[in-house]
Amino acid sequence: MMNGLVVGIPTETVYGLAGNALNEDAAIQIFSVKNRPHFDPLIVHTHSITEIEKYVTAVPDKARLLMQHFMPGALTLLLKKKGMIPDIITSGLDTVAIRIPNHPLTLQLLRALPFPVAAPSANPFGYISPTTAAHVFEQLHDKIPYILDGGATTVGVESTIVGFEGEEAVVYRLGGLAIEEIEAVIGKTTINVNAASNPKTPGMLKSHYAPVKRLIFDNKTELDRLKASKEKVGIICFNKYIDGPDKNAQVLLSSRGDLEEAAKHLFAAMRTLDAGDADVIYAIRFPEEGLGRAINDRLMRASFRE
Ligand code: TXA
Ligand code: MG
């Protein structure tokens with residue numbers, strides 16, 4: 001990573017495609033390997049709050065509280081950047097997205113490196129994020145020289161992104177840190193994950209995290225139609241099977257009904273069904289609480305087609 005090389009690294013959320021965040025050539029490489037448009041900025045990863053303070057000009061009070069409670073963890077903060085963070089990293093924005101991943105191997109790596117690391121999820125732009133080193137290998141092995149294998153990720157969905165308008169916190173991406181946890185620390189918080197045009201966070205782009213196959217999300221009419229048709233359907237369920245279709249074509253994300261466990265298995269289940277013999281994928285809506293919100297957000301975006 002010293003010379004502008006990019007490699008795969010584990011985090012607790014999803015695997016990242018990592019390069020030196022202070023090196024423009026590394027950033028160019030990341031955009032090119034991912035086939036990602038340059039208007040979609042990258043997240044910077046580092047190992048301590050003291051390090052974060054080296055790259056930002058100010059930390060609002062609520063940001064400070066969130067850092068103290070949830071870093072390292074599945075939380076990314078948008079903070080005003082200093083000049084040393086290249087404009088290509090932030091797509092010209094004056095804020096930088098920054099987080100401390102909670103993964104022992106990657107924290108060790110970040111402590112050993114003399115620079116912070118820019119890392120988007122290690123998937124081709126628009127496809128499902130990788131939660132194992134094998135997922136990264138399948139899609140990027142001919143484009144990157146190395147993948148650090150840290151096992152399957154423990155959270156399974158990307159970090160929650162929080163920015164600030166003045167002193168007020170705004171959630172721009174639902175993710176691995178639940179809103180309830182954030183609100184327990186800083187109080188009622190605005191959620192703005194659907195600004196349609198010119199998105200502040202392009203992770204908000206409607207069509208995202210998508211399998212190759214058509215995915216239908218929480219649509220009873222379509223489900224009834226599929227049950228009656230000859231089309232093979234693969235189904236993503238929470239803790240119980242849908243009545244009717246063959247159970248072998250259904251995946252339970254958490255048989256004990258735990259939303260954290262479901263989040264952890266979501267992307268791997270989408271990949272499995274995408275690679276299997278189903279013609280179409282159907283997903284139920286999860287409870288709108290805890291990580292259920294992030295799960296529903298990803299399924300909704302995966303179901304969206306232009
Ligand atoms: O959990 C994660 O956050 C993973 C792991 C690898 O850390 N990373 C990740 O990166 O999900 P990526 O690039 O797939 O998603 C980053 C999101 C994008 O939607 C991007 O638009 C937004 O963060 N973002 C980055 N910098 C931003 C900024 N300055 N202002 C607003 N949004 C920003
Ligand atoms: Mg991504």
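So the values come out like this:
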quantity	calculated
Enumeration of residues in segment 72-94 that are touching a residue at least 24 places away in the same chain (Cβ under 8 Å), open to solvent by 20 Å² or more (accessible area, probe 1.4 Å) and within 16 Å of GLU51 (Cα to Cα)	PRO72, LEU78, LYS80, LYS81, LYS82, MET84
Residues within segment 49-64 that are in a helix (DSSP H, G or I), in contact (Cβ under 8 Å) with a residue 60 or more places away in the chain and open to solvent by less than 50 Å² (accessible area, probe 1.4 Å), tallied	4
Those residues of segment 275-304 which are open to solvent by 20 Å² or more (accessible area, probe 1.4 Å) and touching a strand residue (DSSP E or B) at 6+ places or on another chain (Cβ under 9 Å), in sequence order	GLY276, ASP277, ASP279, ILE284, ARG285, ARG293, MET300, SER303, PHE304
Leading residue by the ranking (least open to solvent (accessible area, probe 1.4 Å)) among those in segment 185-234 that are touching a Gly at 6+ places or on another chain (Cβ under 7 Å) and modelled with pLDDT of 90 or more	GLY234
Filtered residues of segment 243-270 (kept if open to solvent by 20 Å² or more (accessible area, probe 1.4 Å), modelled with pLDDT of 95 or more and outside any helix (DSSP H, G or I))	VAL251, LEU252, SER255, ARG256, GLY257, ASP258
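The values are calculated or read from the model by the stated rules, or taken from the named source; none is laboratory data. Not measured: the values here are computed from a predicted model. Here Cβ is always computed from backbone atoms with ideal geometry, including for glycine, and neighbour counts include all displayed protein chains. Quick note on the areas: whole protein, heavy atoms, side chains included, nothing else; ligands and nucleic acids left out. Shrake-Rupley method; radii C 1.70, N 1.55, O 1.52, S 1.80 Å.
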